[in-house]
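Chemist: Below you will find the structure I want to go over with you.
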Amino acid sequence: MKSTDEIGAQFFNENLERNQGDIDKALSETIQSVALLGLSRTDFFAKAAFYGGTALRLLFGLDRFSEDLDFSLEKPQDHFRLSGYFTALGDELESFGFSVEMSEKKKNINSPIESAFYKAGVPASISNKIHRNAVCKVKLEIDTDPPEGAEYEVAYIDEPIPFSVRSYSGPSLLAGKLDAVLSRGWKRRVKGRDWYDFAFLVRKKVPVRLAHLEARLRQKNFYTPPRGLEQPELEEMLQKRIEEVDFSFAKKDVEPFVDRPLDLDVWSKDYFYHVVSNLQYE
């Protein structure tokens, strides 16, 4: 039977091949999965759900690199602390041969986001592929004041060993991405990753959960009319946002995270109007 150290080395090598030899991405993706495994051994996923770009990569096959692990509590909880899970995270990473240093970021009093970081040193089993003193830093974030209306599902991850997590459903993930597309960024400066993920989910024919999107937008006073958010209102907001976006800047933002930047050549206002026209509704 293989030791966890040997399993970790094999998993890293698979990630290295999939990332076309990019050591930093392979190492980051390896320790992201090991950290999720550690959280799955606790009560974490009884309280929280996995979402964001890394969830899309692991659960939906998103073809871009994602740096962080993002979560959302099921119910608001002012005093939730990620530090309560540091021991479980550290124990799991160390069992796979990583040396670990955990730290908690001081929470902004005006933000519902709780953040933590862990630095993982390289295990001896993969030191022949990477500098022995290399360190990979991963950020964890959790929304402690989640908007209403999200749907959850149990999802399974097969590597480095099979385990389960609770995650946002596809329609709820798309609602989160549409929230980001509409409200994140300043004027023409946007995160191209949000637009990339939005287009990816639409191509996958994932419908949007409008009730959750509405709750997210109302929480930040981005959508305030008494009328509930429906398809015409959403499409009007998206079309207005498309007109504001500098897609040449958006492409530069996402290019380092995709294997084939030339695939972004199609990006334009007209392309995203096309994406909006294909948007499906739950």
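All of the numbers you see were taken from the coordinates with simple rules; none came from a lab. Since the structure is predicted, the reported quantities are computational estimates derived from the model, not experimental observations. Note that we place each Cβ from the backbone using ideal geometry, even for glycine, and neighbour counts take in every protein chain shown.
Chemist: Using a Cα-Cα cut-off of under 18 Å, which lysines could be cross-linked to LYS251, ignoring same-chain neighbours fewer than 8 residues away?
Modeler: Within reach: LYS177, LYS187, LYS191, LYS269.
Chemist: Can you sort ARG166, ARG193 by how many other beta carbons sit within 10 Å, fewest first?
Modeler: Ordered by Cβ neighbours within 10 Å, fewest first: ARG166, ARG193.
Chemist: Any number yet on Rg/Rh for the range 118-203, C-alpha, Kirkwood?
Modeler: 1.08
Chemist: Now for a different question. Show that you can apply the helix-only estimate: for the chain, add -39,500 (n - 2.57) for every DSSP H stretch of four or more residues, divide by all residues, and state [θ] at 222 nm to the nearest 500. Intermediate results must be reported in sequence, preceding the final value.
Modeler: On the way: 11 runs with 122 residues, N = 282.
About -13000 deg cm²/dmol.
Chemist: Now a separate question. What list of whole percents do you get for P(r) of the range 1-168, with Cα-Cα distances grouped in 10 Å bins up to the one holding the largest distance?
Modeler: P(r) for the range 1-168, in whole percents per bin: 10, 41, 36, 12, 2.
Chemist: So if I take the centroid of the Cα atoms in the range 1-73 and the same for the range 189-210, what is the distance between those two points in Å?
Modeler: Each part's Cα centre sits 21 Å from the other's.
Chemist: Once label points are set 7 Å from the Cα along Cα→Cβ at both LYS205 and SER3, what is their separation, rounded to one decimal in nm?
Modeler: About 4.8 nm separates the two model spin labels.
Chemist: Between the helical axis of 86-95 and the dominant principal axis of the chain, each derived from Cα atoms, what acute angle in degrees is found, rounded to the nearest 10?
Modeler: The angle comes out at about 50 degrees.
Chemist: With +1 on the Cβ of every Lys and Arg and -1 on the Cβ of every Asp and Glu, and nothing else charged, how large is the dipole of the chain about its Cα centre, in debye rounded to the nearest 20?
Modeler: 600
Chemist: Past 26 Å, Cα to Cα: identify those pairs from LYS106/LYS240; LYS2/LYS105; LYS2/LYS25, in the order given.
Modeler: Working: LYS106/LYS240 36 Å; LYS2/LYS105 36 Å; LYS2/LYS25 24 Å.
Those over the limit are LYS106/LYS240; LYS2/LYS105.
Chemist: I would also like to ask the following. Take every Cα-Cα distance within the chain, group them into 10 Å bins from 0 onward, and report for each bin the whole-number percent of pairs it holds.
Modeler: 6, 28, 34, 23, 8, 1, 0
Chemist: With a Förster radius of 51 Å, plug the Cβ-Cβ distance of ASP22 and ARG218 into 1/(1 + (r/R0)^6) and report the FRET value to the nearest 0.05.
Modeler: Numbers: r = 40 Å, r/R0 = 0.79.
That gives a FRET efficiency of 0.80.
Chemist: What order do you get for 222-233, 118-129 when each peptide is scored by the mean count of other beta carbon atoms within 10 Å, highest first?
Modeler: Values: 222-233: 11.2, 118-129: 17.8.
Answer by packing, highest mean first, reads 118-129, 222-233.
Chemist: If you don't mind, another one. Taking the Cα-to-Cβ direction at GLN10 and at ARG184 and moving 7 Å from each Cα, how far apart do the two end points lie in nm?
Modeler: Those two pseudo-labels are separated by 3.5 nm.
Chemist: Give me the one-decimal nm value for the distance between modelled label points at ALA124 and TYR273, 7 Å along each residue's Cα-to-Cβ direction.
Modeler: Result: 6.3 nm between the two label points.
Chemist: Also, quick follow-up: What's the FRET efficiency of VAL266 with GLU236 using the Cβ-Cβ distance as r and R₀ = 30 Å, to the nearest 0.05?
Modeler: Once the sixth-power term is evaluated, E becomes 0.80.
Chemist: Further question on the same structure: Helix 210-219 versus the longest principal axis of the chain: what angle, 0 to 90°, nearest 10, using Cα atoms?
Modeler: Once rounded, the angle reads 90 degrees.
Chemist: Roughly speaking, what is the stretch gain from PHE249 to LYS47, that is 0.36 nm per residue apart minus the C-alpha to C-alpha distance, in nm to one decimal?
Modeler: Residue separation times 0.36 nm, minus the Cα-Cα distance, leaves 69.0 nm.
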